[in-house]
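S.K.: Pasting a structure here, questions to come.
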Amino acid sequence: QVQLVESGGRLVQAGDSLRLSCAASGRTFSNYAMGWFRQAPGKEREFVGRLWSGGSTYYAASVKGRFTISRDNAKNTVYLQMNSLKPEDTAVYYCAAGPNFSVSYSRVRDYDYWGQGTQVTVSS
């Protein structure tokens, strides 16, 4: 079992930067791949990016070049650095943990553990 708690979401202006944190507890954190998803009102939860335990990353086209996922295994924490934020980035952001070796990685069902989410609002 892995428990995940996101933090860092708040109201920012377009063009600003923001870093979200996801603190993990429970089973060995470093063995899991970590994903970030987001969900805007009235929309389905969508994939933002993934960080494998070996350090490789993959990002959705909508955030590639602006968002960066990193992890600090000593602190059992994964981060989502978001730069050049846009109003369309407004959503509840979720971190998730799943098997490092997975055929697919961008679907909600590819992850076993989820945090409660943190709200990011980007004003224009």
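S.K.: Using 0.36 nm times the number of residues separating residue 1 and residue 23, minus their current alpha carbon distance, what extension gain do you get?
M.R.: Numbers: separation 22, 0.36 × 22 = 7.92 nm, distance 1.38 nm.
So the extension gain works out to 6.5 nm.
S.K.: Residue-wise, which Karplus ³J(HN,Hα) couplings in Hz belong to the stretch 59-70, taking 6.51 cos²θ - 1.76 cosθ + 1.60, θ = phi - 60°, and x for glycine or proline?
M.R.: 3J(HN,Hα) across the stretch 59-70, in whole Hz: 10, 5, 4, 5, 10, 4, x, 10, 10, 9, 9, 9.
S.K.: How big is the charge dipole of the chain about its Cα centre, in debye rounded to the nearest 20, if each Lys and Arg gets +1 on its Cβ and each Asp and Glu gets -1 on its Cβ?
M.R.: 100 debye
S.K.: Output wanted: per-residue J couplings in Hz (rounded whole) for the stretch 43-52, from phi through Karplus 6.51 cos²θ - 1.76 cosθ + 1.60, θ = phi - 60°, x for Gly and Pro.
M.R.: Karplus-based 3J(HN,Hα) across the stretch 43-52 equals 10, 6, 5, 10, 5, 10, x, 9, 10, 6 Hz.
S.K.: Turning to a different aspect of this structure: Kindly provide the trypsin sites (Lys or Arg not before Pro) of the stretch 52-108 that DSSP labels as loop, not H, G, I, E or B, and whose Cβ sees at most 16 other Cβ atoms within 10 Å. Present the calculation step by step, with values, prior to reporting the outcome.
M.R.: On the way: sites: 64, 66, 71, 75, 107; in loops: 64, 66, 107.
Sparse-neighbourhood loop trypsin sites (Lys or Arg not before Pro): 64, 66, 107.
S.K.: If you count only protein heavy atoms with a 1.4 Å probe, what accessible area per residue comes out for the chain, rounded to a whole Å²?
M.R.: 51 Å²
S.K.: Okay, next question. When the accessible area of the chain is split by element with a 1.4 Å probe, what percent falls to carbon and sulfur?
M.R.: Of all accessible area on the chain, carbon and sulfur atoms account for 47 percent.
The values are calculated or read from the model by the stated rules, or taken from the named source; none is laboratory data. The structure displayed is predicted, hence computed values, not measured ones. No Cβ is skipped: glycine too gets one built from the backbone with ideal geometry, and neighbour counts run over all protein chains shown. To get the accessible areas, we keep the full protein, side chains included, count just its heavy atoms, and leave off ligands, DNA and RNA. Shrake-Rupley method; radii C 1.70, N 1.55, O 1.52, S 1.80 Å.
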